[in-house]
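The values are calculated or read from the model by the stated rules, or taken from the named source; none is laboratory data. Predicted, not measured: the structure shown is a model, and the values here were computed from it. Note: ideal-geometry Cβ built from the backbone for every residue, glycine included; neighbour counts use all protein chains shown.
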Amino acid sequence: MKAGSFRYERAYTLAEVFRLRREAGGDAQLLAGGQSLLAALAFRLSEPSLIIDISRVRDLKGVSVLPSGHLRVGALTTHRELAAHPDVNRHAPLLAEAVPLIAHAAIRNRGTIGGSLAFADAAAELPACCVALEARIIATGPNGERAIPAATFFTGLFATALAEDELIQAVEFPCAAPGDRATIVELTRRCGDYAMAGLAAWAQHVDARLQTPRLVYFGVGAGPVVAGAAARALGPGPWTPHKVAEAQTLLDRDLDPPPDQHGGPEMKRHLARVLLARAVGKLGVEPGVRAA
Amino acid sequence: MSLVIDPRSVDRPNSYIGRSLPRPNARKLVEGRGQYVDDLVVPRMLHVAFVRSPHAHAQIGRIDASAALGLPGVLRVFTGQDLAAHCDPWVAVLAHLKGMKSAPQLPLPLTTATWAGEAVAAVVADSRAVAEDAAAKVSISWQVLPPVTDMETALDKPTPVIHPELGDNLVFERVNESGNVAEAFKTAHKVVEATFHSGRHTGVTLEPRSILAEFNKGDDTLNIHHATQAPHMMQEVLAKHLRLPLSAVRVICRDIGGSYGIKVHVYPDEVAVAVIAKIMGRPVKFVADRLESFGSDIHARDHRIKGRMAIDAQGRITAFDIDDLTGIGPYSVYPRTSAVEGNQVVNLVGGPYDFPNYRAKTTVVLQNKVPTCQYRAVGHPIATAVTEGLVDLGAEALGIDPVAFRLKNLMQDDTYPRTSPAGMRFEGLSHVKSLGLLVDMMDYRGLRAQQQLLRAEGVHRGIGFASFIELTNPSPFMYGIGGARISAQDGCTVRIDPDGSVVAATGVTEQGQGTEAIIRQIVAEAVGVPIDVVRVITGDTLTTPYGGGTWACRGAGIGGEAALQAGIATKQAALNVAGAMLQAAPDALDLVLGNIVDKATGAVRMPLAELGRIVYFRGDTLPPDLPRELMQTRHFITKQFPFAFTNGVQASHLEVNVDTGLVTLLKHWCVEDCGRIINPLLVDEQVRGGVVQGIGGALFEHCTYSPEGQLTVGSMVDYLVPMAAEMPDIEVGHVETPTKESLLGAKGAGEAGTAGAPAAIMNAINDALRPHGAKVFAQPFTPERILAAIGRVPKR
Amino acid sequence: MSTEVAISLTVNGERISRRVEARRHLIDFLRLDLGLMGSRVGCEHGVCGACTVRVNGLIARGCLILAASLDGDSVETIEGVSDTGEIRDLQDAFVARNACQCGYCTPGMLLTAAELLRDVAHTGTTPTRAAIREHLSGNYCRCTGYHAIVDAVEAVGKARMSGSEGGKP
């Protein structure tokens, strides 16, 4: 499974990336962590003529807290760095909770958030987390920078709203407010596998109550799927078993899962219902207390 | 001279047999300094990549290699026609499997590709990467034919016949019958039945299939470095089909990264590499990549079995009746054949139990899918799952405890030798004692009590048992009598060197199970030297005695016995010389930890090194007619029993989440009776590895196909192998019922774990689901299948 | 622009300068260019873990890294880590417990386990069996069934922890 032949260029600045890409006329691929790209090359699913290594572009690195109250995570932040960073743990703890679910340590040491979002695997954790936290993806290209809301970033199976000449520079998350709750639950056949079904959930704490949550599924569609009807059925907390049951029924409006090797659409819907109950259970529990 | 080995007397001289010593090979392996075939680099070495059929069934039209040959670094592109001129086809049938038929097969097919993944052209280049580039540029005009992919309809009239000259898609059919099954079912107090499925899966050796072939034009010898379990068999096959004398072919095995039966078969692409090496006169290497492995390593265990069991009013099993159907590939695999798995199923169902009436049928049919053949434990996991599944159904139907039902029906430990209703001859087994030991080890009563309590809280734990028999130490009755040139005997040459060190060359081989370790232990004890002066040679047809390699758990029992006998003979030869040197009767002397000693007192008379010096360098000082053969070869073959059957019993304790269908394996136990244990550490680890391999087939592994014959699991992402986080701790216990066929008394142990694990898992899952009245019988027991059984999702 | 790239990196402490084909992954570089055969390929798509090596001190899948991208980086393989003696206790435990059978997964398994145990002496905590299993969950072994491997890693963790009593080593 040797990759087909290609040229390789290392870029140190964004300007260099844009230039190299333009010169390759659309037949170049960007190499960040390489954890998805190299496998695609090995299967010859991807046969670019040029690989542009962006792993040294300084403008893509770093984690910082912005005066606007956002946590800015550079695209080249590795999963390992993400989970370990104090600012991430403080301001977007959902991300730190999600990272251990991603593959295995060796992958997390090199895989990046930018790579994960650009690859847009429908069963991946971070895209769903970004949607759940209403992150914005900072895309940059020769024509400048723009912020794309996570909700509209993922456009289909392995597809994003990035223009052909754009790349992800950073991801910005609203800093968590006191009392905000978020959790991620997933079901896998084996530790580290892509999820059979997963759910990233977030709820804001206002006036001593958790508000209507944001529920974002993964592994059950072409990308992150927002379960709006189910969330509205839940409404603000507390979430009684009756409300949860109602929300589970309404999931049928939100989800239209394609079959995969783990199961047919009904299996996926069923797992989605199970995850809803679990996530709601975890959200509604005080930090430090284990959910049932 | 006889040698009495008492496993209890660990302070006997040179007591290595029975001790848990670490393997001598392990040190270099943990330092990454092993030498596997792909590590070998020789001058002017070339690489092969194969063009493989994308279609399950298609006529091969024009092969246009012009673009491929235009790439720098590409030397040749070979087609079926090119290689057929240099290689005779083979047909994989065994004469004792009556009526068996299969079509001739060549390294590359001439006219038709019959499975998606079949190699149809070979590209030779100076690197694997360039060979792959070129393979992608070979253009073949295909004429797609309808594929045969449903074993249930393989013999129906409308279904295409894959090899028209064979007349139909039937490979082999057999009914094994004794007693009066019809009567037994007619008069039964209870009849239980189920339809079982064993899912097609494969071995996934971490080191892929690998071969480096060199043909030396200077002396017309073919030298192969091969990741194979049976180098002498490969030597035989290559010599025969490449039209070379046996003496001109040498097969060498170095370190092998796992085999489990996958690497004991003849693969057309590997034969192609040997032919190419011969044609080109340059070394040629082929290492399958993972994608190729899934599409060309043998698959196994694709069965549908309808089973019934009859029980009388006393709760005794009176009959088993099974109907097995299995879909193999388009060819039976050479030379062991692809009918053996089905044949084993009809030989082994009901194995542990005492009942009079038996009927078992197997139907083996061709499919346009990857060829199947023997894979660790072969038919045992299937036969055990069917047997133990029916036994649990029987216990449930009678309302009695599954252990109690087994105790009532297992062959009693003092009723041997005996022959099973299936015709299997047992020398001595310990089913009852083993089950007793297992029940103690696992605290069965405690687990049952806990299960009850947890059920009340909605937690579904299950306990499942699997008693099993396992064939080891095969005689020629397995392959030889069928005409296959597969050796059931084995040999060992032991040699004392001038400094008292010892070299043992053996025909059994090493793939990580510890063959070299146990041969070393046996030889050190038999000769009477410290273990660290013994060096073992395996895996070289030129320098070891002619043997059979390692398969069907024959290494310890057959290879070990040859080593023991050779070691004893070598010691005797040394003592005869010592007697002459010391003016003592040889019987009054012994060789202990490298010293000639006075047998009665243990007093050291002379170091072995001194004897070595004299024999090799000062032979003039010995009596002229004194024999001084410090190198002895012995061969061993089993003579009384076609197989040395072993027995064991396993238990699985697990929890089923009835919301998700996921199964958590809490713990696993196996009690194994493999006769005399040479190294308990190695046996335990073989059992554990085998158990997990069986669990893989039970819960995770499945080679699934589209109706068009496309394998839908192509990578390690889709094909799920067991990984550490989901596997349980596995406790192993032992009973030892030695075989009297040999001095060593060892039977085999390598496949026992795999034989019983799927049945134990299945029974545990069904035990967990008992409150729901749900059962699963189709492996792998995926979350979807479990949820469907309890009605949480629709059946698909 | 050619398909070859000049790289200069450190491999097992040795400075290496080579021109490599752009498409060559790190494992092929180690094996074909440097003759370091202890790192190996099992699946070539990043799942089995047989290719696990250390890059800049952290474990990584060698088959998912282009050698061309490692200019200025540092790579350690099983041979180098063995020679330093850093994992001697782990290797001894693997041998003693037969946690290594065919040996093919072993280099990757050892380097992965070593990363888990690296901090035991400093933190004074040792991973549980469940944590060990989870950390090793990306390393496929077909021979052992994992139990002996977990035993070995657990034993070494405990030994290192007790070895650190009374202060940092």
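When A:Gly228 is tested against (1) more than 30 Å from A:Ile138 (Cβ to Cβ); (2) under 20 Å from the mean Cα position of the chain (by Cα), only condition (1) is not met. Filtered by the rule that a residue be among the β-branched types (Val, Ile, Thr), buried (at least 21 other Cβ atoms within 10 Å of the Cβ) and under 30 Å from B:Glu784 (Cβ atoms), segment A:153-195 gives A:Thr183, A:Ile184, A:Val185.
This table checks each residue for (1) charged (D, E, K, R); (2) under 23 Å from the mean Cα position of the chain (by Cα).
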site: A:Glu16; (1), (2): yes, no
site: A:Leu20; (1), (2): no, no
site: A:Glu23; (1), (2): yes, no
site: A:Ser49; (1), (2): no, no
site: A:Ser55; (1), (2): no, yes
site: A:Lys61; (1), (2): yes, yes
site: A:Ser68; (1), (2): no, yes
site: A:Arg72; (1), (2): yes, yes
site: A:Thr77; (1), (2): no, yes
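In segment B:520-530, the count of residues that are surrounded by fewer than 24 Cβ atoms within 10 Å (Cβ to Cβ) and more than 14 Å from chain C (Cβ to nearest Cβ) is one or more.
Among the residues of segment B:200-222, those that are surrounded by fewer than 21 Cβ atoms within 10 Å (Cβ to Cβ) and not charged (D, E, K, R) comprise B:Asn216, B:Gly218, B:Thr221. Which of (1) assigned to a loop (DSSP other than H, G, I, E, B); (2) at pLDDT 95 or above; (3) within 14 Å of another protein chain (Cβ to nearest Cβ) does B:Thr737 not meet, given it meets every other one? Going through (1) assigned to a loop (DSSP other than H, G, I, E, B); (2) at pLDDT 95 or above; (3) within 14 Å of another protein chain (Cβ to nearest Cβ) one by one, B:Thr737 breaks only (3).
Filtering segment B:28-56 to residues that are in contact with a Ser or Thr (Cβ under 6 Å, 6 or more places away or on another chain), at the interface with chain C (Cβ under 8 Å from one of its Cβ atoms) and in contact (Cβ under 8 Å) with a residue 12 or more places away in the chain leaves B:Leu29, B:Asp38.
Within segment A:265-287, the set of residues being more than 17 Å from A:Ala231 (Cα to Cα) and either β-branched (Val, Ile, Thr) or modelled with pLDDT under 95 (or both) comprises A:Val285, A:Glu286, A:Pro287. The set of residues in segment C:14-28 being within 12 Å of another protein chain (Cβ to nearest Cβ) and either aromatic (Phe, Trp, Tyr) or surrounded by fewer than 16 Cβ atoms within 10 Å (Cβ to Cβ) (or both) consists of C:Arg19 alone. Please determine, by comparing only the residues of segment B:435-470 that are β-branched (Val, Ile, Thr) and within 16 Å of B:Phe405 (Cβ to Cβ), which one is surrounded by the most Cβ atoms within 10 Å (Cβ to Cβ). Filtering first and then ranking leaves B:Ile463. Selection of segment A:1-41 for residues being within 9 Å of chain C (Cβ to nearest Cβ), assigned to a loop (DSSP other than H, G, I, E, B), of a type outside the set (A, V, I, L, M) and in contact (Cβ under 8 Å) with a residue 40 or more places away in the chain yields A:Lys2, A:Gly4, A:Phe6, A:Gly33, A:Gly34, A:Gln35, A:Ser36.
Inside segment C:109-127, residues that are away from chain B (no Cβ under 14 Å) and either in contact with a helix residue (DSSP H, G or I) (Cβ under 7 Å, 6 or more places away or on another chain) or of a type in the set (Ser, Thr, Tyr) (or both) make up a count of 8.
Looking across segment B:110-130, the residues that are surrounded by 23 or more Cβ atoms within 10 Å (Cβ to Cβ) and either part of a loop (DSSP other than H, G, I, E, B) or of a type in the set (Asp, Glu) (or both) come down to B:Thr114, B:Trp115, B:Ala116, B:Gly117, B:Glu118.
Please tell me if A:Gly34 is over 21 Å from C:Ile7 (Cβ atoms) and either surrounded by 17 or more Cβ atoms within 10 Å (Cβ to Cβ) or not charged (D, E, K, R) (or both). Can you show your working first?
Values: over 21 Å from C:Ile7 (Cβ atoms): no; either surrounded by 17 or more Cβ atoms within 10 Å (Cβ to Cβ) or not charged (D, E, K, R) (or both): yes.
Taking the combined requirement at face value, the residue does not satisfy it.
For every residue, the table says whether it meets (1) part of a strand (DSSP E or B); (2) farther than 27 Å from A:Arg56 by Cα; (3) without any contact (Cβ under 8 Å) to a residue 24 or more places away in the chain; (4) within 7 Å of another protein chain (Cβ to nearest Cβ).
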| residue | (1), (2), (3), (4) |
| --- | --- |
| C:Ile7 | yes, no, no, no |
| C:Ser39 | no, no, no, no |
| C:His45 | no, no, yes, yes |
| C:Gly72 | no, no, no, no |
| C:Asp89 | no, yes, no, no |
| C:Ala93 | no, yes, no, no |
| C:Pro107 | no, yes, no, yes |
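Restricting segment B:694-730 to residues that are away from chain A (no Cβ under 14 Å) and in contact with a helix residue (DSSP H, G or I) (Cβ under 6 Å, 6 or more places away or on another chain), the residue that is surrounded by the fewest Cβ atoms within 10 Å (Cβ to Cβ) is B:Asp729.
Restricting the first member to segment B:74-99 and to residues that are under 25 Å from B:Asn176 (Cα atoms), and the second to residues that are basic (Lys, Arg) and assigned to a loop (DSSP other than H, G, I, E, B), no beta-carbon pair is closer than 6 Å while six or more apart or on different chains.
Yes or no, residue by residue, for (1) at negative phi; (2) within 12 Å of the chain's Cα centre (by Cα); (3) in the same structural domain as C:His147 (by TED's automatic domain parsing); (4) not small (Gly, Ala, Ser):
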residue: C:Thr10; (1), (2), (3), (4): yes, no, no, yes
residue: C:Glu14; (1), (2), (3), (4): yes, no, no, yes
residue: C:Leu34; (1), (2), (3), (4): yes, no, no, yes
residue: C:Ala50; (1), (2), (3), (4): yes, yes, no, no
residue: C:Arg54; (1), (2), (3), (4): yes, yes, no, yes
residue: C:Ser69; (1), (2), (3), (4): yes, no, no, no
residue: C:Ala96; (1), (2), (3), (4): yes, no, yes, no
residue: C:Tyr104; (1), (2), (3), (4): yes, no, yes, yes
residue: C:Thr125; (1), (2), (3), (4): yes, no, yes, yes
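Kindly establish whether B:Thr543 is polar (S, T, N, Q), touching a residue at least 40 places away in the same chain (Cβ under 8 Å), surrounded by fewer than 24 Cβ atoms within 10 Å (Cβ to Cβ) and not in a helix (DSSP H, G or I). Criteria not met by B:Thr543. For the subset of segment A:201-225 comprising residues that are over 10 Å from A:Leu275 (Cβ atoms) and among the aliphatic types (A, V, I, L, M), which member is farthest from the chain's Cα centre (by Cα)? Filtering first and then ranking leaves A:Ala208. Kindly evaluate C:Ala67 against the criterion of being within 11 Å of chain B (Cβ to nearest Cβ) and closer than 26 Å to C:Val5 by Cβ. Criteria not met by C:Ala67. Quick check on segment C:125-135. Is at least one of its residues at pLDDT below 95, farther than 23 Å from C:Val41 by Cα, surrounded by fewer than 19 Cβ atoms within 10 Å (Cβ to Cβ) and of a type outside the set (A, V, I, L, M, F, W, C)? Yes, that holds for at least one residue. Scanning segment B:470-501 for residues being without any contact (Cβ under 8 Å) to a residue 40 or more places away in the chain and within 20 Å of B:Gln565 (Cα to Cα) gives a total of 1. Residue count for segment B:256-272 satisfying the condition of being within 14 Å of chain C (Cβ to nearest Cβ) and not basic (Lys, Arg): 7. Looking across segment B:641-691 at every residue that is surrounded by fewer than 24 Cβ atoms within 10 Å (Cβ to Cβ) and of a type in the set (Ser, Thr, Tyr), the one that is nearest to the other protein chains (Cβ to nearest Cβ) is identified as B:Thr660.
Restricting attention to segment C:80-89, does a residue exist that is among the hydroxyl-bearing types (Ser, Thr, Tyr), modelled with pLDDT of 95 or more and crowded, with 24+ Cβ neighbours inside 10 Å? No, segment C:80-89 has no match at all.
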